[in-house]
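Enquirer: One structure follows; several queries about it will come next.
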Ligand SMILES: O=C(O)CCC(=O)C(=O)O
Ligand SMILES: [Fe+2]
C-alpha cells in the first residue's frame, strides 16, 4: 500500500562538500513531495536546535502573560483585522533570539528555493535571481487554543499565498495536509521544519508543483504553539507561468499574469475566517486561464 506520510528529508548533503549523489537523492524526494502534496519536512537544515527551542520558549512565555499585559502589545485600532500582537516586550537578548531565528529561516528559504529550482529543472540560480528581494518576508508566531465543543479548527483549510512557507511546530501537533479529499497529519519531529509550497510556486511552475492545502485542527486539552516564516516575493513582481513550463514545452499557461501585490492585497482583505460563503474565498484559481 502506498504510504501517505509526508516525507522528511535530511538536508545535510547541502552542508557537505561534494556530496552530489546525496543532493540528487534529496532533490528526487522533494520533487515528488512537491508534485504530490506541496508539503515535506526537513531536518539538518542549518538552524541550530538551541535557537529554535529558545524562540519557542520566548513565544510560550509571552502568550502565557495575563491578558491585560498582552493587550499593551495590540496594534493601533485602525490596523487591518485580524491583527495579532506586535512590539512584544522582552529584553534585548530576547529580541536578538527572534531576529536571529528570522535571519536563519530566510537562509533556509534561499536554500530550499535553490533545491526547488533544481527539482523543477530550471537553469541554475533562476529562482534566486527572480526572487532577489527579501523585504516582504514575514514571520508569525501563533498560539492555538484547545478545542471546545463549538470550535475544533484552529486555522481553516487554505493554501498559502506566497512562495514557500516554513513552519516550526511544537510537539502537540494539529497541522494537516489535504490529499485526495483526506486529511494527513504532519507529525511533529523535534528540530524539523515543515515546508510547504505556496501559490506563487504553483503558478510559476504552471501546476507542476502544488500549493499544499492545509489546516490546523485545534489541540485537545492543551495549547499548540508554532512559528510560520513566509518566504515571499517582492510586491511589484509580475507573476505568470514561466516559459520553461509553457512555450518551451508546448503547454498552455494555466494562469494569466498579475502583480504579486494585487493577489496579496486581495488575500489580506479577506478578513472572515472561514469566509461566509465559498464564493467569498480568494484563491489562486481566480487567475486561472488566459485573460
Ligand atoms: O501554525 C501552523 O502550523 C500553520 C499556520 C498556517 O498554515 C498559516 O499561517 O498559513
Ligand atoms: Fe498556511
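Coordinate-derived values only; no laboratory data. Quick caveat, the model's predicted, so the values are computed rather than measured. Heads up, the Cβs are rebuilt from the backbone with ideal geometry, glycines too, and the neighbour counts pull from every protein chain shown.
Enquirer: Report, in whole Å, the centroid distance computed from the Cα atoms of the stretch 1-75 and the stretch 168-208.
Expert: Using only Cα atoms, the two centres lie 10 Å from each other.
Enquirer: Another question, then. Spin-label point model (7 Å from Cα, Cβ direction): what's the residue 152 to residue 51 distance in nm?
Expert: So the label points at residue 152 and residue 51 sit 3.9 nm apart.
Enquirer: Next question, about the same structure. Report, to the nearest 10°, how far helix 49-63 tilts away from the longest principal axis of the Cα atoms in the chain, using its own Cα long axis and a range of 0 to 90°.
Expert: On a 0 to 90 degree scale, this one is about 50.
Enquirer: At 7 Å along the Cα-to-beta-carbon direction for both residue 268 and residue 252, put a label point, then send me their distance in nm to one decimal.
Expert: With each label placed 7 Å out from Cα toward Cβ, I get 3.4 nm.
Enquirer: Can you sort 199, 137 so the residue with the fewest Cβ neighbours within 10 Å comes first? Working shown, then result.
Expert: Details: 199 26, 137 18.
By the 10 Å Cβ count, ascending: 137, 199.
Enquirer: What's the exposure ranking of 135, 226, 211, going from fewest to most Cβ atoms within 10 Å?
Expert: Ascending number of Cβ neighbours within 10 Å: 135, 226, 211.
Enquirer: Moving on to the next point. Out of every Cα-Cα pair in the chain, what percent are more than 31 Å apart?
Expert: Roughly 28 percent, rounded to a whole number.
Enquirer: Right, something else. What length, rounded to one decimal in nm, is gained on full extension from residue 135 through to residue 285, with 0.36 nm per residue of separation minus their alpha-carbon distance? Don't jump to the answer; show the numbers that get you there.
Expert: Numbers: separation 150, 0.36 × 150 = 54.00 nm, distance 2.61 nm.
Net length gain for the segment: 51.4 nm.
Enquirer: Further question: Could you list 34, 86 so that the one with the fewest beta carbons within 10 Å of its beta carbon is first and the one with the most is last?
Expert: Details: 34 27, 86 10.
Fewest-to-most Cβ neighbours within 10 Å comes out as 86, 34.
Enquirer: If you don't mind, there's one more thing I want to ask. Per DSSP H run of n ≥ 4, the term is -39500 (n - 2.57); total these for the chain, divide by its residue number, and report the mean residue ellipticity at 222 nm rounded to 500 deg cm²/dmol.
Expert: Value at 222 nm, helices only: -9000 deg cm²/dmol.
Enquirer: Compute the acute angle (0 to 90°) between the alpha-carbon long axis of helix 20-36 and the principal axis of greatest extent of the alpha-carbon atoms of the chain; round to the nearest 10°.
Expert: Relative to the chain, helix 20-36 is tipped by roughly 80 degrees.
Enquirer: Can you pull the one-decimal nm distance between simple spin-label points at residue 110 and residue 8, each 7 Å off the Cα toward Cβ?
Expert: It works out to 2.8 nm between the two label points.
Enquirer: Please determine, in degrees from 0 to 90 and to the nearest 10, the orientation of helix 92-119 with respect to the longest principal axis defined by the Cα atoms of the chain, where the helix direction is its Cα long axis.
Expert: The answer is roughly 20 degrees.
Enquirer: Expressed in nm to one decimal, what extension gain is obtained for the pair residue 93 and residue 71 from 0.36 nm per residue of sequence separation less their Cα-Cα distance?
Expert: 5.7 nm
Enquirer: Stretch residue 63-residue 182 to full length: gain in nm at 0.36 nm per residue minus the Cα-Cα span?
Expert: My answer for the length gained is 39.6 nm.
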